[in-house]
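Down below is the structure, laid out as structure tokens.
The values are calculated or read from the model by the stated rules, or taken from the named source; none is laboratory data. From a predicted model like this one, the values you see are computed outputs, not experimental measurements. Note that each Cβ is placed from the backbone with ideal geometry, even for glycine, and that neighbours are counted across all protein chains shown.
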Amino acid sequence: MAFVARVKPRAIGLRGRWPLQVHAPCRMYSQHPAHHTTTEHPFRVAVIGSGPAGFYTTYKLMAKIQGTKVDMYESLPVPFGLVRFGVAPDHPEVKNCQEKFEEVASSPDFNFIGNVSVGTKSDHPDGLTVPLASLFRHYNAIIFAYGAAQDRKLGIPGEDQLKGVYSAREFVGWYNGLPEHANLNPDLTQGDEAVVIGQGNVALDVARMLLEDVDVLRKTDIAAHALETLSQSRVKRVHVVGRRGPMQAAFTIKEVRELMKLSDVSFHPVDTALLPTDLKSLPRAPRRLMEMLAKGTTATSQSPSETSKSWSLDFCLTPKAFSSSSPDSNQLASTTFERTTLSSSPFDPNAYALPTGESLTLPSSVAFRSIGYKSTPLPEFQDINIPFDERRGIISNDGHGRVQHEERTRGAEMSHGSFPGLYCAGWVKTGPTGVIASTMENAFATADAIIEDWVSRTPFLNVDRKCHGWEGVRSEVLKSGDEKRVVDWSGWRRIDEAERERGKERGRLREKFTRTGEMLSVLG
Ligand code: FAD
């Protein structure tokens, strides 16, 4: 039985309007005719990934099934996923959800296992790896919440060969201090013009980082190496390019407004033929966005000739090639696009782009592709037969987070079944879209599915025997000496303190460590 709870967003670490409607079970399930938990036999759950999905699922599970013990595995020595390594440094208020995660982590039933990657080799040399198969032996349930750590490619000439072409994902990771991209060192000194391909909010984050006054960024927790590089940047003009028109773009008004408000930065007018004239007939959100673009287009106070930097939203262009200035150069000099036309009215949000054959070349000494993140399967999925939907980039699931497999019945028809005890949450469940609030809702939905299964005595892993969780995994796979490299929550707190201390010395909130070796050295 479930009821709709009214939850204040602040209570779950989010700012915004409330009440949010959250489907929550109406009581704790310790006395319910569910699977039985005792102090001796707690409900043991492994969560893979410490981003919002991992924490919000944990929060609800621990609140609703008494006796739940959660071990949260994280491949980095530090928690919070994209809240730390994705959210832009000049958006500190978005990171307030970390306070809620800290509260979850303060429970004696919670155990952080940092610097330990599950099922896949750690991408940094100091990291440990444990096989997924070992988790299967030591938990009642496993929740995949490992996000989307790859990005989509354009597949056009020059993308992999030329210097100056970067993915937004690496650039974002680099300015946020993600160890994997600490050596990216993007060259922003080759020319004035930058191209960002894609028109979602990540693309606008990238544009803002390129255009923002470095002294504003200096006060944030942006990585020190990024400050240094951005302070030497020659980029003056940023084109944010999309295949379709403003009515079809993915960015939201808040991010556009922020760019419009940057000091000493102006906006190049949008082709007014792409903006609906009858704005009143639009629903509220697109109407406000179109109003903002129209206003930015007609504003006379600052024209591009009066400011030192400028940006534009370039619509109806599809990228075709990155080129250098000559065959002997491997430095990006320009990006060629094909103009597109829309399949129906430019004001139809579902209109798609059609090629026109006409091309356009924009000078560009640096380009960022920002066409989406991508989840990948863990290598062991194949051995264990966990299906991964490659097209959508998600673990196959029933929409509520139960990992699903396909079976052929006797009549050779396909039917779906759920793996006992396997669940997914967050971007690896839905695909890489949505904000922290929507990730929270989908994580709560996964927790609801687990609670429902627990109450209805649906099979879980290892219910007939005692599970030892991390103790069991550790004794099975770690070699002597490995233990020292595992970072628990108190270890993270020490790293956190050291970063804040370094920040204080420089008048900043924190100065992040950008190498895992530096993080681990704090712990001796
Ligand atoms: P993640 O946050 O990616 O967490 C996954 C975690 O799993 C990571 O810590 C990763 O290291 C870990 N992991 C991966 N593989 C393994 C493994 N094998 N073993 C152990 N651990 C593993 N939302 C907002 O509301 N506001 C914003 O301003 C905002 N800005 C954003 C900016 C960018 C550039 C991006 C990409 C996203 C932004 N979002 C923002 C969206 C928000 O970050 C996501 O909705 C949310 O982080 C998704 O949560 P998740 O837990 O599914 O994934």
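The table that follows gives values for the structure above.
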item	result
Matching entry among His239, His225 (being surrounded by fewer than 19 Cβ atoms within 10 Å (Cβ to Cβ), outside any loop (DSSP other than H, G, I, E, B), in contact (Cβ under 8 Å) with a residue 40 or more places away in the chain and not acidic (Asp, Glu))	His225
Tally of residues being surrounded by fewer than 24 Cβ atoms within 10 Å (Cβ to Cβ) and within 16 Å of the ligand (Cβ to nearest atom) across segment 34-58	0
Where Lys254 falls short, out of the listed (1) within 23 Å of Thr340 (Cα to Cα); (2) within 14 Å of the ligand (Cβ to nearest atom); (3) of a type outside the set (S, T, N, Q); (4) out of contact with any Gly (no Cβ under 9 Å at 6 or more places or on another chain)	(1)
Filter result for Glu452 (of a type in the set (Asp, Glu) and in the same structural domain as Thr58 (by TED's automatic domain parsing))	yes
Filter result for Ser396 (surrounded by fewer than 14 Cβ atoms within 10 Å (Cβ to Cβ), among the polar types (S, T, N, Q) and farther than 24 Å from Asp123 by Cα)	no
Matching option when the condition is within 16 Å of the ligand (Cβ to nearest atom) and either of a type in the set (A, V, I, L, M, F, W, C) or modelled with pLDDT of 95 or more (or both), among Ala224, Ala149	Ala149
Complete set of residues in segment 65-103 that are away from the ligand (no atom under 13 Å from the Cβ) and buried (at least 24 other Cβ atoms within 10 Å of the Cβ)	Ile65, Thr68, Val70
Sole exception among (1) part of a strand (DSSP E or B); (2) in contact with a Ser or Thr (Cβ under 6 Å, 6 or more places away or on another chain) for Asp126, by number	(1)
Residues located in segment 420-438, provided they are near the ligand (Cβ under 7 Å from one of its atoms), outside any loop (DSSP other than H, G, I, E, B) and closer than 15 Å to Asn397 by Cβ	Trp427, Val428
Matching entry among Arg506, Arg493 (being more than 26 Å from the chain's Cα centre (by Cα) and either over 28 Å from Leu82 (Cβ atoms) or not aliphatic (A, V, I, L, M) (or both))	Arg506
Qualifying residue in segment 114-129 (condition: basic (Lys, Arg) and near the ligand (Cβ under 10 Å from one of its atoms))	yes
Where a residue in segment 132-152 is more than 15 Å from Thr430 (Cβ to Cβ) and its partner, wherever it lies, is in a helix (DSSP H, G or I) and within 11 Å of the ligand (Cβ to nearest atom), with Cβ under 6 Å and at least six apart	Ile142/Leu135; Asp151/Arg169
Enumeration of residues in segment 152-196 that are outside any loop (DSSP other than H, G, I, E, B) and away from the ligand (no atom under 15 Å from the Cβ)	Lys163, Val165, Glu193, Ala194, Val195
